[in-house]
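Beneath this line is the structure, given in C-alpha cells, with notes to follow.
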Amino acid sequence: MAANSFLNLAFLSFYSISLLLLLPFQPFAASRGRFLPNYDGAPPLTGICSAAVILNGYKCQEFDVTTDDGYILGVLRIPEGRAGGGGPNRPPVLLQHGLLVDGMTWLMNPPEQSLATILADNGFDVWISNLRGTQFSRRHLTIDPSNPQFWDWTWDELATHDLQSVIDFVFKQTGQKTHYVGHSMGTLIAMVSLSEGQFDKVKSVALLSPIAYVSHITTPLGVVAAKAFLGEIIATFGPAEFNPRGEAAATFVQSLCAYPGVNCYDFLSAFTGNNCCLNTSTVETFVKNEPQSTATKNLVHFAQSVRDGVLSKYDYGNAIANMEHYGVSSPPVYDLSKIPHDFPLFLSYGGRDTLSDVTDVHILLDILKSHDQDKMKVQYIQEYAHVDFIMGVDAKDIVYSEILEFFRAHN
Ligand SMILES: *[C@@H]1O[C@H](CO)[C@@H](O)[C@H](O)[C@H]1NC(C)=O
C-alpha cells in the first residue's frame, strides 16, 4: 500500500512523466472516495472548503471566476487564520498548483504544515485557484467538457486567461495587489506572464520547483514519454481531454514501460526525484484526490519544450498553421530576461528534483542574472525533490518560513 501510494505521488510532477503512474493507480480505481473527481459531468460531491479547510477550524469561501474565454473556475479563499482576526488590510496571496493536480494539493498536510493555512495563520488573506479541466473547474459558459473544443488549450492559455482572470478577481475583491506562490507549472505560467508584462496586479512571486527550460530531463522513462507524446499521443487520445485515470492512458503507459532501460517499478525516485520528507498518511490523502485531467494539447506543448530546449508558444507543426495563429511562421519564443529586474522574486529548488532539474534551473538563473540583487532570493535545498516543496513535513521550517519573510519584506 505504502509503495503504491508513493508511486502515485509522481502525479505531482508536471506533464508526460506523470502518465506513467497510471499503472500503480489502477488499484485505487475501484475505491473512489469523496474527494475524487466525477468524470461523468455531475457536480462534485463536495468542494475543497468543506473537504479540507472548514473541518480544520478555518473560515473558507468558494467563488466562481469566469475567464475572458468563458471557462468557469472554482476559486477558494481562506480569509483569516484559525484564531480569527481577519481585517481589511491582510495582504492577499494566491497559490497556483501544477499540472495534473488541483488546489487541494496546498492542503494535504495537517494545518500546521500546509502552506495555505500557515499563510492564513500568519496574517495573509489566502486565495487558491483551480485551473481549467480540474475537478472544480470543469465548466464553461457554452462548451461542455465532453466537447473536444473544451480542451483546446495549453499553458499559453492558462497564463493569459486563467491566471489573469483569477488575479483580476482577487484584486477586485481585496482592492490590493497579491503575492503569488506557484509550484511547477504554476511557476511557468507566472514567469511567462511576468516576461510579457502581465503581472501588474502582483506584488511578489515565490517559485517552488521552477519549470521553464526542461531539456535536461534525463530519466529514461521521461525521455521516452516526451518523445511518444509528439508522435503517438494525439493518435491515441485525440486532441481532447487527457484523463489520467482512463483506460487509454493506462494502455499507453504500459507500452512505454516496455521500452528497454525503462523501469516502471521505481516511479517516484525515477521521475519526481527521491523525495526526502513525505508523510505516508498525507500521501494517502493525495491519492484519493489526484490526479486530475488536463488537455492532451497541453502535454504535447510540454513535450515540444523537452524536444526543442526552448520556451515558446505552442507549435502548430508547420509554417502555415503557425502563421495563421501567430502571424509568423514559427511559434513566438518567451524571453524570460524581460522579467522586470526590480520585481521581487523568491526561487527555491531541490538537489534531487528530476523534473525541475538542477541543470535546467541553472539555465533559468543565468537568464535572471541581471535581476536586482535585493529583489531576488534563491534557495537551494540539497535533499529536496519535486514533491517535498508542497508536501514535505519540514517544508514549513525550511521553505515556508522563508516565503513569509520574503513576502513581509516586499509587501
Ligand atoms: C502525518 O500526518 C498525520 C495525519 O495528518 C499527522 O497526524 C502526523 O502528525 C503527521 N506526521 C508528521 C511526522 O508530521
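Observations, loosely collected:
- Near pairs, Cβ below 9 angstrom, 6+ apart or cross-chain, from the range 281-301 (part of a loop (DSSP other than H, G, I, E, B)) to any residue that is charged (D, E, K, R) and surrounded by fewer than 24 Cβ atoms within 10 Å (Cβ to Cβ): Pro291/Arg245; Ser293/Glu241; Ser293/Arg245
Rundown of residues vs (1) surrounded by fewer than 20 Cβ atoms within 10 Å (Cβ to Cβ); (2) under 24 Å from Asn243 (Cβ atoms); (3) more than 16 Å from the ligand (Cβ to nearest atom); (4) more than 17 Å from the chain's Cα centre (by Cα), yes/no style:
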site: Cys277; (1), (2), (3), (4): yes, no, no, yes
site: Gln292; (1), (2), (3), (4): no, yes, yes, no
site: Val310; (1), (2), (3), (4): yes, no, yes, yes
site: Ala319; (1), (2), (3), (4): yes, no, yes, yes
site: Glu324; (1), (2), (3), (4): yes, no, yes, yes
site: Ser337; (1), (2), (3), (4): yes, no, yes, yes
site: Gly351; (1), (2), (3), (4): yes, no, yes, yes
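- In the set (1) open to solvent by 30 Å² or more (accessible area, probe 1.4 Å); (2) within 16 Å of the ligand (Cβ to nearest atom), Val287 fails one condition alone, (1).
- For Gly222: the one exception among (1) out of contact with any strand residue (DSSP E or B) (no Cβ under 9 Å at 6 or more places or on another chain); (2) at pLDDT 70 or above; (3) of a type outside the set (D, E, K, R); (4) not in a loop (DSSP other than H, G, I, E, B): (2)
- Selected residue (only one of Phe25, Phe11 is crowded, with 24+ Cβ neighbours inside 10 Å and at pLDDT below 95): Phe11
- Contact map, the range 186-199: first residue farther than 16 Å from Phe171 by Cα, second residue in a helix (DSSP H, G or I) and open to solvent by 10 Å² or more (accessible area, probe 1.4 Å), Cβ cut-off under 7 Å, separation 6 or more or different chains; pairs are Ser195/Lys338.
- Complete set of residues in the range 378-397 that are open to solvent by less than 50 Å² (accessible area, probe 1.4 Å) and within 15 Å of the ligand (Cβ to nearest atom): Val387, Asp388, Ile390, Met391, Gly392, Asp394, Ala395
- Restricted to the range 42-101, and to residues there that are in a helix (DSSP H, G or I) and of a type in the set (S, T, N, Q), the residue that is surrounded by the fewest Cβ atoms within 10 Å (Cβ to Cβ) is Ser50.
Here's the yes/no breakdown for (1) under 22 Å from Ser193 (Cα atoms); (2) small (Gly, Ala, Ser); (3) in contact (Cβ under 8 Å) with a residue 24 or more places away in the chain:
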residue: Asn322; (1), (2), (3): yes, no, no
residue: Lys338; (1), (2), (3): yes, no, yes
residue: Phe343; (1), (2), (3): yes, no, yes
residue: Arg352; (1), (2), (3): no, no, yes
residue: Asp360; (1), (2), (3): yes, no, yes
residue: Lys377; (1), (2), (3): yes, no, yes
residue: Met391; (1), (2), (3): no, no, yes
residue: Glu402; (1), (2), (3): no, no, yes
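- Taking the range 80-129 as the range and being within 16 Å of the ligand (Cβ to nearest atom) and touching a strand residue (DSSP E or B) at 6+ places or on another chain (Cβ under 6 Å) as the test, the residues that pass are Trp106, Ala116.
- Candidates Ser146, Ser137: the one that is in a loop (DSSP other than H, G, I, E, B), farther than 23 Å from Ser305 by Cβ and either free of Cβ contacts under 8 Å to residues at least 40 places away in the same chain or open to solvent by less than 10 Å² (accessible area, probe 1.4 Å) (or both) is Ser137.
The values are calculated or read from the model by the stated rules, or taken from the named source; none is laboratory data. Just so we're clear, the structure is a prediction, and the values are computed from it rather than from any experiment. Note: ideal-geometry Cβ built from the backbone for every residue, glycine included; neighbour counts use all protein chains shown. Side chains included, ligands, DNA and RNA excluded: accessible areas come from the protein's heavy atoms. Shrake-Rupley method; radii C 1.70, N 1.55, O 1.52, S 1.80 Å.
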